[in-house]
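For reference, the structure discussed in these notes is given below.
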Amino acid sequence: MTSIDLSRRAFLSFSGLGAAALLSSCASTYSPPPYQGASLGGMVSPSAPLAPSNPELDVMYGEMQDGGFVIPAIPYRQIPPRYYRQRVQDPTGYPAGTIVVDTPNRFLYLVEPGGTAMRYGVGIGREGFAWSGEGVIQWRQKWPKWTPPDEMVARQPQLAQYSAANGGMAPGLMNPLGARALYIFQNGQDTLYRLHGSPEWNSIGKAVSSGCVRLMNQDIIDLYDRVPNKAKIVVLQ
């Protein structure tokens, strides 16, 4: 057995691969955060020391212009450093180009040639809404429109203005799908689950969304530019 086989077996045994898709809608419990660097009180308590500033991270998570929008800087010092975008030794053993979501640890890996992977911190679906299995990134979209499904509108009537009948929510900084969306298909069918950006930077590392895998906007833009067409995705649950 090769070292890759051993690595992959160890990774899967730790995370546990669920093969069945729990078909639910991809959506967010929508509560737009105030930007302008304001803390939402999520990741770090007021008394906790902040991580030191870093020039590379200042650029990585700094303000950026994209698609006619100005994406505000992320206060990355208030986020646990393990969730920063970084290149690591690949723990998955999957072929290069595969996206692997390690749900228990809140990581997303894009496997690279040569035994490395780009790792991103993610927020994942709440218990009861999570999806797991294997699929394909069938479609990708910059600055997508968001249309909550009828079931979600029924739970949150205030979202009726964004329903399919009303044309959905236009792309923008407060759109729950953020700057990019990668659409997961399985056996040729849309699972209704997405990898997407989010204005709610303090949700990274948590289980808060209704099924989808969310990244910081700066990270989803980076991932979008790296992912090959029709990339395989494996979501471990």
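Look at (1) in contact with a Pro (Cβ under 9 Å, 6 or more places away or on another chain); (2) under 18 Å from ILE233 (Cα atoms); (3) surrounded by 15 or more Cβ atoms within 10 Å (Cβ to Cβ) and you find that GLY133 fails only one, number (1).
Once segment 117-154 is narrowed to residues that are part of a loop (DSSP other than H, G, I, E, B) and free of Cβ contacts under 8 Å to residues at least 40 places away in the same chain, the residue that is nearest to LEU57 (Cα to Cα) is LYS145.
For segment 192-237, a residue qualifies if it is assigned to a loop (DSSP other than H, G, I, E, B), closer than 25 Å to PRO113 by Cβ and among the β-branched types (Val, Ile, Thr), and exactly one does: VAL227.
Can you name the residue in segment 199-212 that is closer than 19 Å to TRP143 by Cβ and touching a Cys at 6+ places or on another chain (Cβ under 9 Å) and is also modelled with the highest pLDDT among such residues? Please lay out each step first, then the result.
Within segment 199-212, the first condition is being closer than 19 Å to TRP143 by Cβ, and the residues that meet it are 199-201, 209, 212.
Checking which are touching a Cys at 6+ places or on another chain (Cβ under 9 Å) leaves us with 209, 212.
Values: SER209: 74, CYS212: 88.
In this case the residue turns out to be CYS212.
Among the residues of segment 175-194, none qualifies, meaning not one is of a type in the set (A, V, I, L, M) and free of Cβ contacts under 8 Å to residues at least 12 places away in the same chain.
Being under 19 Å from the mean Cα position of the chain (by Cα) and among the charged types (D, E, K, R) is the filter here, so list the residues in segment 105-164 that pass it.
First, pick out the residues of segment 105-164 that are under 19 Å from the mean Cα position of the chain (by Cα): 105-112, 117-148.
Once the filter is applied, which keeps residues that are under 19 Å from the mean Cα position of the chain (by Cα) and among the charged types (D, E, K, R), segment 105-164 yields ARG106, GLU112, ARG119, ARG126, GLU127, GLU134, ARG140, LYS142, LYS145.
Tell me whether segment 226-234 contains one or more residues that are in contact with a strand residue (DSSP E or B) (Cβ under 8 Å, 6 or more places away or on another chain), modelled with pLDDT of 95 or more, closer than 18 Å to ILE124 by Cβ and not β-branched (Val, Ile, Thr). No: segment 226-234 contains no residue that is in contact with a strand residue (DSSP E or B) (Cβ under 8 Å, 6 or more places away or on another chain), modelled with pLDDT of 95 or more, closer than 18 Å to ILE124 by Cβ and not β-branched (Val, Ile, Thr).
Scanning segment 57-76 for residues that are part of a helix (DSSP H, G or I) and either at pLDDT below 95 or crowded, with 17+ Cβ neighbours inside 10 Å (or both) turns up LEU57, MET60, TYR76. Taking residues in segment 84-103 that are part of a strand (DSSP E or B), and partners anywhere that are of a type in the set (D, E, K, R), the pairs with Cβ atoms closer than 6 Å and at least 6 places apart or on different chains are GLN86/ARG119; VAL88/ARG119. PHE185 meets the conditions (1) surrounded by fewer than 18 Cβ atoms within 10 Å (Cβ to Cβ); (2) touching a Phe, Trp or Tyr at 6+ places or on another chain (Cβ under 9 Å); (3) closer than 28 Å to PRO72 by Cα in every case but one. The failed one is (3).
Within segment 166-188, can one find any residue that is assigned to a strand (DSSP E or B) and touching a His at 6+ places or on another chain (Cβ under 6 Å)? Yes: segment 166-188 contains one or more residues that are assigned to a strand (DSSP E or B) and touching a His at 6+ places or on another chain (Cβ under 6 Å).
Among the residues of segment 124-153, how many are more than 19 Å from ASP225 (Cβ to Cβ) and either out of contact with any Ser or Thr (no Cβ under 7 Å at 6 or more places or on another chain) or modelled with pLDDT under 95 (or both)?
Residues of segment 124-153 that are more than 19 Å from ASP225 (Cβ to Cβ), as a first pass: 124-135, 145-153.
Now drop any that are not either out of contact with any Ser or Thr (no Cβ under 7 Å at 6 or more places or on another chain) or modelled with pLDDT under 95 (or both), which leaves 124-134, 145-153.
The qualifying residues number 20.
Considering only segment 171-190, I want to know if a residue exists there that is under 16 Å from PRO148 (Cα atoms) and of a type in the set (Lys, Arg). No - not one qualifying residue is present in segment 171-190.
The values are calculated or read from the model by the stated rules, or taken from the named source; none is laboratory data. Predicted model only: the values in this text are computed from it and were never measured. Cβ coordinates were reconstructed from backbone atoms using ideal geometry, including for glycine residues, and neighbour counts include every protein chain displayed.
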